[in-house]
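Working notes, structure below.
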Amino acid sequence: MDLEQRIEILSAGAKYDASCASSGSDRAGGHGANVASGICHTWAADGRCISLLKILMTNACVYDCAYCVNRSSADTPRAALTPDEIASLTFEFYRRNYIEGLFLSSGVVVSPDRTMELMLEAVRKLRQEKRFTGYIHMKVIPGASRELIDQAGLYADRVSVNIELPTSGSLALLAPGKTKEGILRPMSRLAEKISASRDERRTIKSSPAYAPAGQSTQLIVGATPETDLQIMRLSDALYKKMSLKRVYYSAFVPVSPDNRLPALLEPPLKREHRLYQADWLLRFYGFSVDELLNEKCPCLDLTFDPKTMWALNNLEKFPLEVNAADYSELLRVPGIGVVSAKKILRARRAGRLSLEDLGRLGVVMKRAVYFVTAGGKYNGLKRDSAEAIKVRLLEKKEPAAQQLPLFGTAAAQGEL
Ligand code: SF4
């Protein structure tokens with residue numbers, strides 16, 4: 001099989017991994033043109049969009065995870081690249097300006113250790129022999145030994161171990177080769193190494209950075225019966241205990257019939273979208289999981305976003321006077337995001353704000369109007385109730401659900 005065919009197979013095999021953004025860019029012609037498959041885009045810490053070669057080292061996997069297109073029992077053409085080929089391909093694409101980095105994952109060849117050895121060989125060659133300084137995101141294979149896991153962050157900017165399913169029971173059902181413990185152990189080790197490296201660099205600036213872009217993971221949503229409450233509790237624990245940079249939620253895409261999997265007509269994209277919004281509220285808006293979900297209501301509302309639902313369930317806290325509220329209170333108003341809350345605080349120094357000023361400061365007034373006063377003036381409904389507000393909000397139709405940019409900045413994700 002020639003190289004181009006193998007790249008096609010291996011980039012198609014990587015496209016379901018949501019811990020890297022859109023795959024399959026198709027820019028044509030001119031300097032920086034790329035091939036149709038295998039290029040995805042991600043965002044750097046400074047908000048810059050960078051293009052990556054997103055590829056598997058091999059799609060021949062000894063495991064048989066029911067939800068995966070590369071599982072051992074799948075009837076699909078198999079291919080592999082050698083470490084030399086991955087290093088050369090990445091470097092040549094980089095030199096031609098097709099890409100700025102590499103996202104490298106793999107099916108499990110022989111064993112987790114053997115797979116990690118080959119992947120490490122590829123990234124080591126890239127860094128040390130080709131002197132490649134671009135971005136590398138490398139998957140860490142659950143079950144690999146500690147010595148090999150430790151090497152990953154020496155070469156990669158970002159590392160990730162995919163948790164895939166939220167509970168041990170679901171892993172046992174759909175991914176019998178994996179255990180929760182086997183996934184959490186490398187995550188915990190990576191967290192230790194990243195934290196130790198940051199501490200060291202505070203005192204010795206020249207010491208090498210270990211996985212400077214941190215670690216992330218991916219959770220598949222809708223393949224198993226876990227609730228949003230279970231998923232958000234898991235994400236919260238991962239952010240707090242493993243210092244994860246991001247949890248990516250990937251709506252389950254049925255790739256083949258299997259009686260262990262739900263018969264979905266379409267991937268639960270709206271649910272995925274709501275989970276991203278709730279995740280954003282945890283990380284940037286000061287919400288806790290228990291404020292958004294509970295045992296009685298364990299699933300996010302699909303009609304209204306989680307912040308609006310929280311506000312509607314806590315109407316006694318509103319309306320809020322925008323000239324007096326502090327930053328954390330402003331962030332809880334539907335239609336006021338991080339950027340507009342900061343603008344409100346800045347603008348207040350120059351004088352009292354009116355409702356008209358809020359729109360100019362980026363507040364989405366069609367949502368905020370029911371929850372704020374400015375100088376005592378209120379433009380919401382006369383006899384506000386959650387149901388009446390819901391009816392009004394529905395009159396202003398929400399845009400259709402779409403997959404969010406996975407490495408987005410606050411601005412890219414939109415104000416909540
Ligand atoms: S380990 Fe499971 S999820 Fe990963 S490539 Fe193999 S079959 Fe797919």
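The values are calculated or read from the model by the stated rules, or taken from the named source; none is laboratory data. On a predicted model such as this, the values are computed, not experimentally measured, just so you know. Note: ideal-geometry Cβ built from the backbone for every residue, glycine included; neighbour counts use all protein chains shown.
Residues in the stretch 142-177 that are closer than 21 Å to residue 120 by Cα and of a type in the set (S, T, N, Q): 145, 151, 160, 162.
Restricting attention to the stretch 121-143, the residues being part of a helix (DSSP H, G or I) and without any contact (Cβ under 8 Å) to a residue 12 or more places away in the chain number 1. Of all the numbered requirements in (1) at pLDDT 95 or above; (2) surrounded by fewer than 22 Cβ atoms within 10 Å (Cβ to Cβ); (3) in contact with a strand residue (DSSP E or B) (Cβ under 8 Å, 6 or more places away or on another chain), residue 245 misses one, and that requirement is (1).
Taken as a whole, the structure places residue 255 among residues that are among the β-branched types (Val, Ile, Thr) and in a loop (DSSP other than H, G, I, E, B).
Filtering the stretch 120-140 for residues that are within 16 Å of the ligand (Cβ to nearest atom), surrounded by 15 or more Cβ atoms within 10 Å (Cβ to Cβ) and more than 17 Å from residue 14 (Cβ to Cβ) leaves an empty set. Cβ-Cβ below 7 Å, separation at least six or inter-chain, first residue in the stretch 145-172 and more than 19 Å from residue 52 (Cα to Cα), second of a type in the set (Lys, Arg) and away from the ligand (no atom under 16 Å from the Cβ): which pairs? Within 7 Å, the pairs are 146/189; 149/189; 150/193.
Scoring residue 96 on the criteria (1) touching a helix residue (DSSP H, G or I) at 6+ places or on another chain (Cβ under 7 Å); (2) more than 16 Å from the ligand (Cβ to nearest atom); (3) not polar (S, T, N, Q) leaves a single failure, condition (1). Screening the stretch 354-375 for residues that are more than 18 Å from residue 390 (Cβ to Cβ) and not hydrophobic (A, V, I, L, M, F, W, C) and picking the one that is nearest to the chain's Cα centre (by Cα) gives 362.
Would the stretch 40-61 turn up any residue that is part of a loop (DSSP other than H, G, I, E, B), at pLDDT 90 or above, closer than 23 Å to residue 129 by Cβ and more than 16 Å from the ligand (Cβ to nearest atom)? Scanning the stretch 40-61, I find no residue that is part of a loop (DSSP other than H, G, I, E, B), at pLDDT 90 or above, closer than 23 Å to residue 129 by Cβ and more than 16 Å from the ligand (Cβ to nearest atom), so the answer is no. Scanning the stretch 211-228 for residues that are under 18 Å from residue 171 (Cα atoms) and aliphatic (A, V, I, L, M) turns up 219, 220, 221, 223. Being among the hydrophobic types (A, V, I, L, M, F, W, C), in contact with a Gly (Cβ under 7 Å, 6 or more places away or on another chain) and surrounded by fewer than 20 Cβ atoms within 10 Å (Cβ to Cβ) is the requirement here; does residue 264 meet it? Yes: the conditions hold for residue 264.
Between 196, 175, the distinction of being surrounded by 14 or more Cβ atoms within 10 Å (Cβ to Cβ) and aliphatic (A, V, I, L, M) belongs to 175 only. When we screen 198, 189, 202 for residues that are basic (Lys, Arg) and either in contact with a Pro (Cβ under 9 Å, 6 or more places away or on another chain) or closer than 30 Å to residue 261 by Cα (or both), the only hit is 198.
Applying the condition of being in contact with a strand residue (DSSP E or B) (Cβ under 8 Å, 6 or more places away or on another chain) and modelled with pLDDT of 95 or more to the stretch 175-195 and asking which residue is farthest from the ligand (Cβ to nearest atom) yields 194. Of all residues in the stretch 68-82, those that are outside any loop (DSSP other than H, G, I, E, B) have Cβ atoms under 6 Å from Cβ atoms of residues that are within 11 Å of the ligand (Cβ to nearest atom) and among the β-branched types (Val, Ile, Thr), 6 or more apart or on another chain, in 80/58. Here residue 296 passes the criteria (1) surrounded by 15 or more Cβ atoms within 10 Å (Cβ to Cβ); (2) assigned to a loop (DSSP other than H, G, I, E, B) except the one numbered (1).
The conditions of being within 16 Å of the ligand (Cβ to nearest atom) and touching a strand residue (DSSP E or B) at 6+ places or on another chain (Cβ under 7 Å) are not met by residue 153.
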